[in-house]
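These notes are about the structure you will find just below.
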């Protein structure tokens, strides 16, 4: 089964994300970017890499931007080609363009989902990245009127 690293300082938010992923991924949790880098490095060293990273931005110790950038440095040091690096979704309450652009261009995220999120939105995002089949069909109806919470880059 594919493995996901879920990173959020809120235990409740981690629980919601894990519930949204259902039985599609085996989840491991981290409470900040520093823990995420450590868990990612341990998984990489053990030969059991993650297949997905879902990371919040605003966290103590090390932010999501810094945490994901650290994961990208580990992948680079290990010689992982860019097109084979773990897909990463930033999941944050920050919905401003500056953070969305930073997530993509500085941190290396492939998608950005704003909180609060609907489970269908997260699944649609993962489907757009080719990580899962879209079990819910057309999810365009899930987005609030005039707003798309899914920002896949």
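The values are calculated or read from the model by the stated rules, or taken from the named source; none is laboratory data. What you see is a predicted model, and the numbers here were worked out from it, not measured in a lab. In this analysis, Cβ positions are derived from the backbone assuming ideal geometry, glycine residues included, and neighbour counts consider all displayed protein chains.
When the criteria are applied in full, residue 57 meets the requirement of being buried (at least 18 other Cβ atoms within 10 Å of the Cβ), touching a strand residue (DSSP E or B) at 6+ places or on another chain (Cβ under 8 Å) and farther than 16 Å from residue 3 by Cβ. Taking region 105-119 as the range and being modelled with pLDDT of 85 or more and either crowded, with 18+ Cβ neighbours inside 10 Å or not in a helix (DSSP H, G or I) (or both) as the test, the residues that pass are 108, 109, 110, 111, 112, 113, 114, 115, 116, 117, 118.
Only one of the numbered conditions (1) surrounded by fewer than 17 Cβ atoms within 10 Å (Cβ to Cβ); (2) out of contact with any strand residue (DSSP E or B) (no Cβ under 8 Å at 6 or more places or on another chain); (3) in contact (Cβ under 8 Å) with a residue 40 or more places away in the chain is not met by residue 9, and that is (1). The condition of being surrounded by 15 or more Cβ atoms within 10 Å (Cβ to Cβ), in contact with a helix residue (DSSP H, G or I) (Cβ under 7 Å, 6 or more places away or on another chain) and within 20 Å of residue 51 (Cβ to Cβ) holds for only one of 102, 72, 85, that being 85.
Look at (1) modelled with pLDDT under 95; (2) over 22 Å from residue 9 (Cβ atoms); (3) surrounded by fewer than 16 Cβ atoms within 10 Å (Cβ to Cβ) and you find that residue 95 fails only one, number (2). The requirement of being at pLDDT 95 or above and at positive phi is fulfilled nowhere in region 48-59; no residue meets it.
Of the set (1) touching a residue at least 60 places away in the same chain (Cβ under 8 Å); (2) in a helix (DSSP H, G or I); (3) out of contact with any strand residue (DSSP E or B) (no Cβ under 9 Å at 6 or more places or on another chain), all apply to residue 132 but (2). I'd like to check something: does region 89-97 contain any residue that is more than 13 Å from the chain's Cα centre (by Cα), without any contact (Cβ under 8 Å) to a residue 12 or more places away in the chain, closer than 16 Å to residue 52 by Cβ and not in a helix (DSSP H, G or I)? No, because not a single residue in region 89-97 is more than 13 Å from the chain's Cα centre (by Cα), without any contact (Cβ under 8 Å) to a residue 12 or more places away in the chain, closer than 16 Å to residue 52 by Cβ and not in a helix (DSSP H, G or I). Taken together, the residues in region 44-85 that are in a loop (DSSP other than H, G, I, E, B) and without any contact (Cβ under 8 Å) to a residue 60 or more places away in the chain amount to 17.
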